[in-house]
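*Asks:* Shown below is the structure under consideration.
The values are calculated or read from the model by the stated rules, or taken from the named source; none is laboratory data. Since this is a predicted model, take the numbers as computed values, not measurements. Cβ sites come from the backbone with ideal geometry, for glycine too, and all protein chains shown count toward neighbours. Accessible surface is based on the protein model in full, side chains and every heavy atom, while ligands, DNA and RNA are left aside. Shrake-Rupley method; radii C 1.70, N 1.55, O 1.52, S 1.80 Å.
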Amino acid sequence: MNWPKQIKGALESWGKYRVEGLFNEVLVVGMGGSGIVGDYLQVLSLTRGSIPVYTVKSHILPSFVDENTLILAVSYSGNTHETLSALRKAIASRAKVVTVSSGGILENEALKHKLLHIPVPSGLQPRASLPAMLYSILGLLDSSGYSLVTGKEAYESLKFLEANTEHAELVAGEIAKWVYEKVIGEERLFVIATHTPLDSLALRGKNEFNENSKLIVNVDIAPEWMHNSIVGYEHPVTRRFFTLEIVDPEDEAGFKLVEFMEKIYSQHDAVAYKLTLRGGNILEKLMYGSLVLGLSSVMLAELRGLNPAETKNITLYKQEASKIFHK
Ligand code: F6R
């Protein structure tokens, strides 16, 4: 619920951070709630940008990285093993590297290697600080000549989000109730279905329901779904579904594709809820959708009597990670 505050904070620093150079591509390195920032930047670049954005959710850097690559290493905590490992490789390459974190080793490494570091407010869950991380980077790219979103558009999206928070909360409550009844109560498989270019929003939704509500979620994306997954619905083992359909009402083909998906789901025992996105552009749609999905996943955790903030298995993995990656 403090997302408008996070956006305001990033808007106050708009223009403060910039990088010099002619870059061929932007590479966002980050995991989980930090890595999703790369996915969102990638959608913005695909739909309205002039520079390609790639997301790396790994400790391995792509082989094409060179002095014409702008690398953004994003880790909310600043202590994520894969991101730090990729950062060290990035520093060893000749790429331009910028770091984003609320502190941690990432910030120390930036200081040590004299890299541009963009701080974000600390004390939150990484996944809850999506706007702070996303808008800080949008500001950096705008000031550096690689704009995906202008300052004016960012400001307008803040006003849009403020005006739509109440509605988002209402829709989130409805979704939480449906998922609680259909997925928890009736043990249905939870599927988030959408159309391109909303893949990253569906992924964000999945991550939110995984981490906040402690649920397993499938993601189905049209039109690729029509070319493989659809066949799995001919003889599925699980025959009871709950589908959360995310649609952009302005995308006629996308809307019809999801309608077709529903036709296939309904050959089985399937219940659907349609989330129709609001927003004047792709940034606003992503932010509105993220807010609804985030809030509903937290509400669902509460309905289940679970703590949305706690992610025990991620902690377990992070304790193992240094052993797994140890040479
Ligand atoms: C926790 C969360 C996780 C983390 C991920 C990487 O809220 O969302 O997905 O984001 O484990 O950690 P950071 O973001 O600190 O690099």
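*Asks:* If each Cα of the chain is one equal point scatterer, what is log10 of I(q)/I(0) from the Debye formula at q = 0.10 Å⁻¹?
*Replies:* Log-scaled intensity ratios, in q order: -0.59.
*Asks:* Now for a separate question. Excluding ligands, DNA and RNA, what is the solvent-accessible area per residue of the chain at a probe of 1.4 Å, expressed in Å²?
*Replies:* Numbers: 14740 Å² over 327 residues.
Solvent-accessible surface per residue comes out at 45 Å².
*Asks:* While we're here: In the Gaussian network model of the chain, springs joining C-alpha atoms below 10 Å, which of ALA176, ALA270, ALA73 carries the largest mean-square fluctuation?
*Replies:* Its mean-square fluctuation being the largest, the pick is ALA270.
*Asks:* Hey, could you pull the Cα Rg and Dmax for region 43-130, both in Å?
*Replies:* 13.1, 36
*Asks:* Here's a follow-up. Could you pull the Rg and Dmax for region 3-149, using just the Cα atoms, both in Å?
*Replies:* 13.5, 39
*Asks:* Then there's this: Leaving out ligands, DNA and RNA but keeping every protein chain, what accessible area does ASP199 have, in Å² rounded to the nearest 10, with a 1.4 Å probe?
*Replies:* 60
*Asks:* Report the local net charge at VAL149: Lys and Arg +1, Asp and Glu -1, summed over other residues whose C-beta lies under 12 Å from its C-beta. Before the final figure, lay out the partial values.
*Replies:* Working: positive: ARG48, LYS152; negative: ASP142, GLU153, GLU156, GLU284.
Its environment carries a net charge of -2.
*Asks:* Let me ask you something else. Where the accessible area of the chain is counted over protein heavy atoms with a 1.4 Å probe, how much of it, in %, is carbon and sulfur? It would help to have the intermediate numbers written out before the result.
*Replies:* On the way: 7900 of 14740 Å².
Exposed carbon and sulfur together represent 54 percent of the surface.
*Asks:* Here is a follow-up. Rounded to the nearest 10 Å², what accessible area does LYS214 show when all protein chains are kept and the probe is 1.4 Å?
*Replies:* My reading of the accessible area for LYS214 is about 70 Å².
*Asks:* Report the one residue of TRP14, VAL65, TYR146 whose Cα lies farthest in the direction of the positive end of the charge dipole of region 3-149 (charges on C-beta: Lys and Arg +1, Asp and Glu -1; origin at the Cα centre).
*Replies:* The residue sitting most towards the positive pole is TRP14.
*Asks:* Compute, for the chain, the length of the dipole vector about the Cα centre, with Cβ point charges of +1 (Lys, Arg) and -1 (Asp, Glu) only. Units Debye, rounded to 20.
*Replies:* The dipole magnitude comes to about 1060 debye.
*Asks:* Measure up LYS5/LYS312; LYS57/LYS318; LYS5/LYS159; LYS8/LYS214; LYS89/LYS312; LYS89/LYS112 against 20 Å on the Cα-Cα distance and list the ones that go over. Write out the running numbers ahead of the final one.
*Replies:* On the way: LYS5/LYS312 28 Å; LYS57/LYS318 15 Å; LYS5/LYS159 11 Å; LYS8/LYS214 31 Å; LYS89/LYS312 29 Å; LYS89/LYS112 15 Å.
Beyond 20 Å between Cα atoms: LYS5/LYS312; LYS8/LYS214; LYS89/LYS312.
*Asks:* Moving to a separate point now. By per-residue mean of other Cβ atoms within 10 Å, what is the highest-first order of 279-286, 50-57, 135-142? Don't jump to the answer; show the numbers that get you there.
*Replies:* Numbers: 279-286: 20.0, 50-57: 17.4, 135-142: 25.2.
Packing proxy ranking, top to bottom: 135-142, 279-286, 50-57.
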